[in-house]
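Novice: Supplied in structure tokens, the structure appears directly below.
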Amino acid sequence: MDQILANLCINARDAIAGVGKITLETGNITIDADYCARYAEAIPGKYVFLAASDDGCGMDPETMAQIFEPFFTTKGIGKGTGLGLATV
């Protein structure tokens, strides 16, 4: 979890120009039959959730399509490994 949170926060920090906000939320959630009817991969039950958000610049569709590819990075040469979101 430490590595996941660190990578999410580092990427969020890098997307924020100047002063910004990173929000991490945790909670409990129950997935019911109605939810499962809309999302076939869901399994009913009680879960813990983790949500991360920031007010950074966001990503264009081309970048979004590659974010989990190992070694993909939007950072300059020598500035990132590209493994942050792939690790997450």
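The values are calculated or read from the model by the stated rules, or taken from the named source; none is laboratory data. Since we're looking at a predicted model, the values are computed, not measured. Here the Cβ is made from the backbone with ideal geometry for all residues, glycine too, and neighbour counts use every protein chain on show. Remember, those area values only see protein heavy atoms, side chains included, never the ligands or the DNA or RNA. Shrake-Rupley method; radii C 1.70, N 1.55, O 1.52, S 1.80 Å.
Novice: Which of the GluC sites (Glu not before Pro) found in the chain are loop residues per DSSP with 13 or fewer other Cβ atoms within 10 Å of their Cβ?
Specialist: Of the GluC sites (Glu not before Pro), the ones in loops of the chain whose Cβ has at most 13 other Cβ atoms within 10 Å are E41.
Novice: Please go through the chain and write out the trypsin sites (Lys or Arg not before Pro) that DSSP classes as loop and that have at most 15 other C-beta atoms within 10 Å.
Specialist: K21, K75, K79
Novice: Of all accessible surface on the chain at a 1.4 Å probe, what whole percent is carbon and sulfur? It would help to have the intermediate numbers written out before the result.
Specialist: On the way: 3930 of 6780 Å².
It is 58 percent, rounded to a whole number.
Novice: Report ³J(HN,Hα) in whole Hz for each residue of region 25-38, in order, from the Karplus equation J = 6.51 cos²θ - 1.76 cosθ + 1.60 where θ = phi - 60°; Gly and Pro get x.
Specialist: Each residue's phi maps through the Karplus curve to give 10, 10, x, 10, 9, 10, 8, 10, 4, 4, 4, 5, 5, 8 Hz.
Novice: Averaged per residue, what accessible area in Å² does region 1-85 show with a 1.4 Å probe, protein chains only? Let's see the in-between values first.
Specialist: Working: 6620 Å² over 85 residues.
I get 78 Å² per residue for this part.
Novice: Between the DSSP loop rule and a limit of at most 15 other Cβ atoms within 10 Å, which chymotrypsin sites (Phe, Trp or Tyr not before Pro) in region 2-64 are left?
Specialist: Within region 2-64, the qualifying chymotrypsin sites (Phe, Trp or Tyr not before Pro) (loop, at most 15 other Cβ atoms within 10 Å) are Y39.
Novice: Using only DSSP helix segments of four residues or longer, with each worth -39500 (n - 2.57), what per-residue ellipticity at 222 nm results for the chain after dividing by its residue count and rounding to 500?
Specialist: Numbers: 4 runs with 28 residues, N = 88.
Computed ellipticity for the chain at 222 nm equals -8000 deg cm²/dmol.
Novice: If only Cα atoms are counted, what is the Rg of region 1-86, and what is its Dmax, in Å?
Specialist: 15.9, 48
Novice: Just to be sure I understand: if I project the alpha-carbon convex hull of region 1-50 onto a plane and average over all orientations, what area do I get in nm²?
Specialist: Projected over every direction and averaged, the Cα hull of region 1-50 covers 4.9 nm².
Novice: Under 5 Å between amide hydrogens, which residues at least 5 positions from I22 or on another chain qualify, with H placed 1.01 Å from N in the peptide plane?
Specialist: Here nothing satisfies the definition.
Novice: Along region 12-17, what does the Karplus equation 6.51 cos²θ - 1.76 cosθ + 1.60 (θ = phi - 60°) give for ³J(HN,Hα), rounded to whole Hz, x for Gly and Pro?
Specialist: Once rounded to whole Hz, the list reads 5, 4, 5, 8, 9, 8.
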